[in-house]
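The values are calculated or read from the model by the stated rules, or taken from the named source; none is laboratory data. As the structure is a computational prediction, the values presented were derived from the model and not from experiment. As a convention, Cβ positions derive from the backbone with ideal geometry for all residues, glycine included, and neighbour counts pool all protein chains shown.
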Amino acid sequence: MLSLIMGIVYMRLLLGDIAEDESIGGFGYLLKVFYLHGLVFIGLPFGAIIALFFIVIDFFVLSKKLKQGGNRTLMRIALLLAITVFVAIVHYILEVVIDVI
């Protein structure tokens with residue numbers, strides 16, 4: 001669940017703020033609706049990718065190394081943040097540098 005929220009937050013940071021200008025009338029409302037739907041429909045797949053990476057790494061690597069550790073939750077949160085940064089860097093490279101997306 002946290003990874004899905006992190007995906008939406010990443011898209012919010014990437015898209016920035018939408019203008020609150022009411023001078024464009026009905027078109028502004030339509031733009032705001034597409035913006036908010038874009039956060040959900042693009043942010044959730046990013047969160048799903050983050051969750052998939054986290055589950056695989058947690059199951060195969062972290063669970064074996066942290067069987068007796070006391071700060072397992074802290075390590076998992078740090079891993080989740082590291083995976084989010086990795087996905088953001090890969091997204092940036094694919095979108096800006098290589099221009100695939």
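Residue selection: Y35 satisfies the criterion of being at pLDDT below 80, assigned to a helix (DSSP H, G or I), on the phi < 0 side of the Ramachandran plot and in contact with a helix residue (DSSP H, G or I) (Cβ under 8 Å, 6 or more places away or on another chain).
For G47, the conditions (1) touching an Asp or Glu at 6+ places or on another chain (Cβ under 9 Å); (2) under 19 Å from L13 (Cβ atoms) are fulfilled apart from (1).
Test I55 against the stated conditions and say whether it is of a type in the set (A, V, I, L, M, F, W, C), loosely packed, with under 12 Cβ neighbours inside 10 Å, at pLDDT 80 or above and closer than 15 Å to M1 by Cβ.
Judged against the criteria, I55 is a match.
Name the residues in region 64-80 that are surrounded by 12 or more Cβ atoms within 10 Å (Cβ to Cβ) and assigned to a helix (DSSP H, G or I), would you?
Those that are surrounded by 12 or more Cβ atoms within 10 Å (Cβ to Cβ) and assigned to a helix (DSSP H, G or I): R72, M75, R76, I77, L79, L80.
Remark: pairs (first residue in region 1-22, among the charged types (D, E, K, R) and at pLDDT 75 or above; second residue surrounded by 13 or more Cβ atoms within 10 Å (Cβ to Cβ) and in a helix (DSSP H, G or I); Cβ separation under 9 Å; 6+ apart in sequence or on different chains) = R12/L39; R12/G43.
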